[in-house]
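Have a look at the structure below, then the notes.
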Amino acid sequence: EATYVRLRGGAVIASRMAALGQMASSGAHEINNPASLITYNMGYLSRFKDSLIAVGDKYLSESDKIGILDWNSAKNEAIRAEKVIYDSIKRISDTVKGLKEYGKVKDSDYRELNLCDCLESAVRLTGFFTKSYTQNLSVQTVAEPVLIYGNSLHIEECVINLIQNACHALKNKSGSIKCSVSRRDGYGIISVEDNGKGMSPEILERIWEPFFTTRGDAEGTGLGLSITSRIMKEHRGKVDVKSEPDKGT
């Protein structure tokens, strides 16, 4: 009976993954159209922003208000927002490409990359999200590049999954998340640590299962850690998890 249950569970997961793959390929085209429109219109907005900044620098002092911000802060925020939007559009385009070629990672997709850059990019891309969950996010990298051979988009996807999980684990906005890059025993290591609600041994045993989630029916797909584990195996890496209830992960 136990064997039957395991086989039936595996068949259900395989069926759901196949359905997910079909939805992904059909959805990729629908995602691509608005992404192209955003890219086209951002070109105009970027030129408009540059002209406004030129006029503002000429006629405004740093203390003059634009909305709720002083001119210097407003200008820097516009520049930052533009970069985040362009980075996000590129991620959408790369993700659409990845959906069309899911499971077909090729050696040609791999390059030498710096894990510090991957972490900083993931933190930047999740900035709008993490602000809703914590006021205490810290990032620590090392001065020398931590170089590996891999796919930067996939590594960033792993880190984004971990950061999002850490956010959902926090009890309130005073909770903290610490992200870091280090080296140990020939490995480059990205670590994401939270002081949230933690996990019981029973939950820890199941976190790698596709579609397993503790966030209820309305939130989460239960695929984040499953995808993270797969990506790490493709990169000849691994994921280590340490967690205790009420002490964090």
Taking the convex hull of the alpha-carbon atoms of segment 140-195 and averaging its shadow over every direction gives an area in square nanometres of 4.5
On the accessible surface of segment 107-186, probed at 1.4 Å with all protein chains in place, carbon and sulfur together account for a percent value of 46
Taking segment 197-249, the equivalent ellipsoid from its C-alpha gyration tensor has semi-axes in Å, biggest first, of 20, 16, 8
Which of 65/90; 90/131; 65/178 exceed 30 Å between C-alpha atoms? The answer is 65/90; 65/178
Per its Cα gyration tensor (rounded if a/c is under 1.5, else prolate when a/b beats b/c, else oblate), segment 109-178 is best filed as prolate
About its Cα centre, segment 170-249 carries a charge dipole, from +1 on Lys and Arg Cβ atoms and -1 on Asp and Glu Cβ atoms, whose size in debye to the nearest 20 is 340
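The values are calculated or read from the model by the stated rules, or taken from the named source; none is laboratory data. Small disclaimer: the values here were computed from a predicted structure and weren't measured. Cβ coordinates were reconstructed from backbone atoms using ideal geometry, including for glycine residues, and neighbour counts include every protein chain displayed. Areas reflect the complete protein model, heavy atoms only, side chains present, ligands, DNA and RNA absent. Shrake-Rupley method; radii C 1.70, N 1.55, O 1.52, S 1.80 Å.
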